[in-house]
Amino acid sequence: MSRVRLAKATIALGDMTCGHCTATVEKALLSLDGVSMASADLPTQSADVEYDPSAVALPAMEAAVAAVGYAARPTPQLVSITSAAQAVRDTAATPPAEPRTVEYSLAVTGMTCASCVRSVERAALEVPGVTSCEVSLAESTARVRLDEQSGTIGDVIGAIRGSGYGASVATATRAAPTPDGDSTALSRRLLVSAALTLPLLVLAMSHGAISFSGANWLQLALAAPVVAFGGAPFYAAAWNAARHGRSDMNTLIAVGTGAAFAYSVAATVAPGWLSSQRAAGVYFETAAAIITLVLLGRLLEAKARHRTSHSIRKLLDLQARSVRVRRDRREVEIPLEDVKEGDLVLVRPGERIPVDGEVVEGSGAVDEAPMTGESVPVDKAPGSPVVSGALNRDGFLVFRAESVGARTALSRVIEFVRRAQASKAPAARIADRIAAVFVPVILGVAAATFAAWMAYSPPEDRLRMALNSAVSVLIIACPCALGLATPAALAVGLGRAAEAGILVRDSGPLEAARSVDTVVFDKTGTLTLGQFSVTDVEAYGGLTPATMLRAASEVERHGEHPIAKAIAAASPASTGNVTEFRALPGAGASALLDGVTWLVGKPALLAERDTDVSEARETLDRLSGEGKTVVAVARDGTLAGVVALRDAIRPGVPEATADLRRMGIKTVLLSGDSASAARAAADEAGIQEVLAPVLPLEKAAAVRRIQGEGRTVAMVGDGINDAPALAQADLGVAIGAGTDIAIESAGIVLVKSDPADVGRAIELARRIHRTIIQNYCWAFGYNILGVPIAAGVLYPWTGLLLSPVLASVAMALSSLSVLTNSLRLNRVFRRSA
């Protein structure tokens, strides 16, 4: 007889932000046969499951989680498996294969519009094992999450290439390709096309003044290379799209110019087929001019889109290309990707720090401004940490590599920015759905336009006017601007933010940031420098202040809290024997010192341990009223003294909170200090509301209580101790510098630890949203106004009939308007920062 062995698994998740998210994940997992228990946890972004391996496999759990929108992060999804019940068995169930979910960044070429984006995403998602795919038109990249047990990245690349686009894995040291491929090739095609189109336009605009036998044949000779060479990318892309049963902007250009050119060839070779007169009209200049103008627009667009990725390239420029390391007592130069943990890395003056580590030899001043925003170089000596991307100003440094490859601070920042720029805002998803039907609808409108003009135009102008209007509709309705509206704004805005030390995870935090009406600040280390110093010492029970402080210092010397470290530093170390040390989170610490029990912590802690603090009540009230943090000390259950400390407010905090108030945002201080101390700190910082005292474990509940009042909350904390509150808030903002950035616990990271960046981040989110709305107004506005005019609806009243050449100009202007409007974010944010 055998009994089923249950197993436990911890599954990594992503993007959970509230209790509703955890409930959704748990419900999805429990809906699977064989899952007996599921518990999702916000702070760790994971779910513990208990399941029957013979009834359900881990890939099925991954699929269930992905289906409700909480796909795993780019790490192996299965963290651990342990036995849940020791069973008496004759046979053991074979453990299922562990899924390996990995995130890849791909460089994609050949995309030109929103329809292309949707086609690439569709091709990737059809590959087994692909759980998500986000494509950025502005960056020409695709982010793919793939379970490598079900498929390979080669399969994904093959699928994208099979759909008519180029694809390759983008490395951390290589920027995405310039949109639309090689701009040099575009320039070459444009020069050839322009040189041949110019005489064509002169002939066409002469209106018979330049007339000679064989004029049409000359125009054919001039136009054919333009169509064949200049238009080759459009026709090739349109053919690829048609082969795969789809249409995009290239389809519109190919059909429009192809129709004009084919008609003109027929009118030249066999004019009698199209006209009862000796010669039929030709439109060679129309086909050539459209191709030339679209090439010009593509080239300008490529250059503008290249500027949107400026921040990524600037960050990539901070990476060292080669590294000198000491191996076997010899100095050797190796590529950056070959550096291993534990290598001794040598950095000379003027060179950049290639990876993260700790100095073991030498000293010097290091400029960390690219990573932390601090303009003053930081002195480094043995034991000092160094971060990748920093510049060694002077001195020779040897440090031990601790974080290499994708785990360095610089690589994480680059990945953070890339992920944010590639993410899709809700507006972009709407645009994708519109793009899926946009081109077929326009083809239908063009066909209807052609039919209407053929039916109602004068016989002698019927074909000319029908062809003219149909081609104009096809050309003016290009969906390029629609596809660029969101990614261009995100690329520029988030790139500029990264340069200023504000990192945004993806479009989700941006959506939350623009709606924030309440900002909750943690106090210690967020509003304050986290550097306490002892200001007052009072002793009781016959002890001298020095004796009491010395004992408190010995106890706190074993603690990690900033207050403990400050008290420990206030008195020289002695030879006292400290045993049985016990940290009491959020309250204090206790220990035996030379056999005597000492308790150091909040006055409330002493009261809970039956220590009478009434003798010091007046002193406690006075010091708390001065905004100081008060610590009480007890010896063997008797009050021994009071120590007061102050943590200085960060420079610029009052100005930062004033800016938030001007934006209509309420500010709240969340602190574990006493109410009076927290109120004094809030007054100094210019904060309106105070919630104190609040223990670390209660912070998430405090945020939830504020949300219960109908407010949209941004929580600003250190990103580690405040992880539950950061996850509970509508927007989590981690404040921290260098390698301590809490990337996994917040939607926005303020690298410079400057509270003023909270307001800047919110203002940036609002500006990006406004820019996206403006971009869609431009994109839709051109089409809503342009397509009817191109179709000729105004002709009966005004005689206005839009030329296909002018339609191509309008089409190019729509994309350039969107890109130019997006690039304004760079200037505006630079001014506001």
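The values are calculated or read from the model by the stated rules, or taken from the named source; none is laboratory data. Remember, it's a predicted structure, so these values are computed and weren't measured experimentally. Neighbour counts are summed over all protein chains in view; Cβ atoms, including those assigned to glycine, are modelled from backbone coordinates with ideal geometry. The protein model used for the area step is the full one, side chains on, heavy atoms only, and it has no ligands, DNA or RNA in it. Shrake-Rupley method; radii C 1.70, N 1.55, O 1.52, S 1.80 Å.
Within the range 753-761, one or more residues are modelled with pLDDT under 80 and open to solvent by less than 40 Å² (accessible area, probe 1.4 Å). Counting the residues of the range 487-533 that are under 13 Å from the mean Cα position of the chain (by Cα) and assigned to a helix (DSSP H, G or I) gives 16.
Per the conditions (1) out of contact with any Phe, Trp or Tyr (no Cβ under 8 Å at 6 or more places or on another chain); (2) in contact (Cβ under 8 Å) with a residue 24 or more places away in the chain, the sole criterion not satisfied by Ala675 is (2). Among the residues of the range 640-668 satisfying the criterion of being open to solvent by 10 Å² or more (accessible area, probe 1.4 Å), hydrophobic (A, V, I, L, M, F, W, C) and in contact with a helix residue (DSSP H, G or I) (Cβ under 7 Å, 6 or more places away or on another chain), which is farthest from Gly541 (Cα to Cα)? So the residue we want is Met663. Exactly one residue out of Gly627, Gly664 is assigned to a loop (DSSP other than H, G, I, E, B) and either out of contact with any strand residue (DSSP E or B) (no Cβ under 9 Å at 6 or more places or on another chain) or touching a residue at least 60 places away in the same chain (Cβ under 8 Å) (or both): that is Gly664.
Among the residues making up the range 120-140, those that are of a type in the set (S, T, N, Q), open to solvent by less than 40 Å² (accessible area, probe 1.4 Å) and closer than 26 Å to Val68 by Cβ are Ser132, Ser136.
I'd like the full set of residues that are part of a loop (DSSP other than H, G, I, E, B), touching a Leu at 6+ places or on another chain (Cβ under 9 Å) and either open to solvent by 60 Å² or more (accessible area, probe 1.4 Å) or at pLDDT below 80 (or both), limited to the range 351-375. Of everything in the range 351-375, those that are part of a loop (DSSP other than H, G, I, E, B), touching a Leu at 6+ places or on another chain (Cβ under 9 Å) and either open to solvent by 60 Å² or more (accessible area, probe 1.4 Å) or at pLDDT below 80 (or both) turn out to be Ser363, Glu368. Tell me which residues, restricted to the range 550-563, are open to solvent by less than 30 Å² (accessible area, probe 1.4 Å) and either in contact (Cβ under 8 Å) with a residue 24 or more places away in the chain or touching a Lys or Arg at 6+ places or on another chain (Cβ under 7 Å) (or both). Listed by number, the residues that qualify are Ala551, Ala552, Glu554, Val555, Glu556, Gly559, Ile563.
Checking each residue in the range 782-817 for being open to solvent by less than 50 Å² (accessible area, probe 1.4 Å), in a helix (DSSP H, G or I) and either at pLDDT below 80 or in contact with a strand residue (DSSP E or B) (Cβ under 8 Å, 6 or more places away or on another chain) (or both) picks out Asn783, Pro804, Val805, Ala807, Ser808, Ala810, Met811, Ala812, Ser814, Ser815, Leu816.
How about the range 631-661: which of its residues are part of a loop (DSSP other than H, G, I, E, B), among the charged types (D, E, K, R) and on the phi < 0 side of the Ramachandran plot? Selection gives Arg650 alone.
The residue list Leu593, Leu584 contains one member that is at pLDDT 85 or above and aliphatic (A, V, I, L, M), which is Leu593. Arg557 fulfils the conditions (1) under 26 Å from Glu618 (Cα atoms); (2) among the charged types (D, E, K, R); (3) at pLDDT below 90 except for a single criterion, (1).
Just give me the residues in the range 608-626 being under 21 Å from Arg679 (Cβ atoms), open to solvent by 20 Å² or more (accessible area, probe 1.4 Å) and either of a type outside the set (D, E, K, R) or in contact with a helix residue (DSSP H, G or I) (Cβ under 7 Å, 6 or more places away or on another chain) (or both), in sequence order. Answer for the range 608-626, where residues must be under 21 Å from Arg679 (Cβ atoms), open to solvent by 20 Å² or more (accessible area, probe 1.4 Å) and either of a type outside the set (D, E, K, R) or in contact with a helix residue (DSSP H, G or I) (Cβ under 7 Å, 6 or more places away or on another chain) (or both): Thr619, Gly625, Glu626.
Results for (1) open to solvent by 50 Å² or more (accessible area, probe 1.4 Å); (2) touching a His at 6+ places or on another chain (Cβ under 7 Å); (3) at pLDDT 80 or above, shown as yes or no for each residue.
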site: Gly231; (1), (2), (3): no, no, yes
site: Ala237; (1), (2), (3): no, no, no
site: Ala242; (1), (2), (3): yes, no, no
site: Ile253; (1), (2), (3): no, no, no
site: Phe261; (1), (2), (3): no, no, yes
site: Trp273; (1), (2), (3): yes, no, no
site: Arg278; (1), (2), (3): yes, no, no
site: Gly281; (1), (2), (3): no, no, no
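Could you check the range 567-577 and list, in sequence order, the residues that are open to solvent by less than 30 Å² (accessible area, probe 1.4 Å) and more than 26 Å from Val694 (Cα to Cα)? Scanning the range 567-577 gives Ser571, Gly576. May I ask you to verify whether Ala452 is open to solvent by 20 Å² or more (accessible area, probe 1.4 Å), at pLDDT below 75, in a helix (DSSP H, G or I) and farther than 30 Å from Asp673 by Cβ? For Ala452, the condition - open to solvent by 20 Å² or more (accessible area, probe 1.4 Å), at pLDDT below 75, in a helix (DSSP H, G or I) and farther than 30 Å from Asp673 by Cβ - is not met.
Within the range 669-708, being of a type outside the set (Gly, Ala, Ser), open to solvent by 30 Å² or more (accessible area, probe 1.4 Å) and within 30 Å of the chain's Cα centre (by Cα) holds for Pro696, Leu697, Glu698, Arg704, Arg705, Gln707.
If the condition is being buried (at least 17 other Cβ atoms within 10 Å of the Cβ), at pLDDT below 85 and either among the hydroxyl-bearing types (Ser, Thr, Tyr) or over 21 Å from the mean Cα position of the chain (by Cα) (or both), then the range 162-181 contributes Ser163, Gly164, Tyr165, Thr178, Asp180, Gly181. When the criteria are applied in full, Ser213 fails the requirement of being at pLDDT below 90 and touching a Leu at 6+ places or on another chain (Cβ under 8 Å). Ala320 meets all of the listed conditions (1) surrounded by 16 or more Cβ atoms within 10 Å (Cβ to Cβ); (2) at pLDDT 75 or above; (3) in a helix (DSSP H, G or I) but one, namely (3).
Okay, residues lined up against (1) open to solvent by 10 Å² or more (accessible area, probe 1.4 Å); (2) assigned to a helix (DSSP H, G or I); (3) of a type in the set (S, T, N, Q):
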{"residue": "Thr535", "(1), (2), (3)": "yes, no, yes"}
{"residue": "Met548", "(1), (2), (3)": "no, yes, no"}
{"residue": "Lys565", "(1), (2), (3)": "yes, yes, no"}
{"residue": "Ser590", "(1), (2), (3)": "yes, no, yes"}
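Gly637 falls short on exactly one of the conditions (1) buried (at least 17 other Cβ atoms within 10 Å of the Cβ); (2) touching an Asp or Glu at 6+ places or on another chain (Cβ under 9 Å), and that condition is (1). Against the criterion of being over 18 Å from Ala254 (Cα atoms), at pLDDT below 75, open to solvent by less than 30 Å² (accessible area, probe 1.4 Å) and of a type in the set (Val, Ile, Thr), Val417 qualifies. For Val694, the requirement of being assigned to a strand (DSSP E or B) and in contact (Cβ under 8 Å) with a residue 12 or more places away in the chain is not met.
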